[in-house]
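Presented below is the structure to which this report refers.
The values are calculated or read from the model by the stated rules, or taken from the named source; none is laboratory data. Only a predicted model underlies this, so the values are computations on that prediction, with no experimental measurement involved. Positions of Cβ are backbone-derived with ideal geometry, glycine not excepted, and every protein chain shown enters the neighbour counts.
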Amino acid sequence: MSPNDFRVRPTAEMVRAQVMARISADIPDASVLDLFAGTGALGLEAISRGARRCDFVENRPASLHALKANIVLLGQKGFTRLFKKDALPFAAALGPGSYDLTFVDPPYGSRMLDRVIDSWQATHFSRVLVAEHATGHVLPAPSERWTFDDTEISVYRIPVSPVPS
């Protein structure tokens, strides 16, 4: 279910499938956060692929209605929590290692993604941060980047410290 709101842009099915395939090793038993959740497509897909749980953060009423309906429709109520909050202060308040995997998909063209990435870089609140954004949105260098027409996916991973010899 998707709200009748031009600002809501659910991740295209082909993009979602490609992203999930490419991060498949990060999903099993993961604690997932879906910021700017919209319809919840990314977080719900992660649960269907073996994530332990997903917390959704969304504050638009139409999106919340669609998200709640999708959680119930897919029988995922026991694996999810829904936070009716602004995603920016929610992310800024997280401590290190709060989640294993985070999806962030704010409105294209906004600087909200930059602020979430700044929060992530300051605290590493998640082992992996998967950001969906418009092609050409200039961001700090990610670990991985994939382009799908007008959509880019930037993946940030906590840097691994070298093992002392």
Discussion item. Of everything in the range 87-101, what is touching a residue at least 24 places away in the same chain (Cβ under 8 Å), exposed (fewer than 15 other Cβ atoms within 10 Å of the Cβ) and at negative phi? Give them in sequence order.
Written reply: Gly95, Pro96
Practice prompt. Please specify each residue of the range 15-28 satisfying the condition of being of a type outside the set (Lys, Arg) and free of Cβ contacts under 8 Å to residues at least 60 places away in the same chain.
Written response: Ala17, Met20, Ala21, Ser24, Ala25, Pro28
Worksheet item: Would it be correct to say that Ser110 is out of contact with any Lys or Arg (no Cβ under 9 Å at 6 or more places or on another chain) and within 25 Å of Arg52 (Cβ to Cβ)?
Response: no
Worksheet item: Say we look at the range 30-41 and pick out the residues that are within 12 Å of Cys54 (Cβ to Cβ) and under 11 Å from the mean Cα position of the chain (by Cα); which of these is surrounded by the fewest Cβ atoms within 10 Å (Cβ to Cβ)?
Response: Ala41
Worksheet, complete the sentence: Counted residues in the range 106-156 being buried (at least 16 other Cβ atoms within 10 Å of the Cβ) and within 14 Å of Ile23 (Cβ to Cβ) come to 12
Worksheet item: Take the residues of the range 56-79 that are in contact (Cβ under 8 Å) with a residue 40 or more places away in the chain and crowded, with 17+ Cβ neighbours inside 10 Å: which is farthest from Leu42 (Cα to Cα)?
Response: Arg60
Item to complete: Please give the number of the condition Pro106 fails out of (1) in contact (Cβ under 8 Å) with a residue 24 or more places away in the chain; (2) in a loop (DSSP other than H, G, I, E, B); (3) farther than 12 Å from Leu35 by Cβ; (4) touching a strand residue (DSSP E or B) at 6+ places or on another chain (Cβ under 8 Å).
Response: (3)
Response to the item:
Taking the range 38-47 and the residues there that are at pLDDT 95 or above and small (Gly, Ala, Ser), the one that is farthest from Trp120 (Cα to Cα) would be Ala46
Worksheet item: Can you name the residue in the range 106-165 that is of a type in the set (Phe, Trp, Tyr), in contact with a helix residue (DSSP H, G or I) (Cβ under 9 Å, 6 or more places away or on another chain) and farther than 22 Å from Gly95 by Cα and is also modelled with the highest pLDDT among such residues?
Response: Trp146
Practice prompt. Return a yes/no flag: does the range 12-29 have any residue that is surrounded by fewer than 17 Cβ atoms within 10 Å (Cβ to Cβ), at pLDDT 95 or above, of a type in the set (A, V, I, L, M) and over 25 Å from Gly97 (Cβ atoms).
Written response: yes
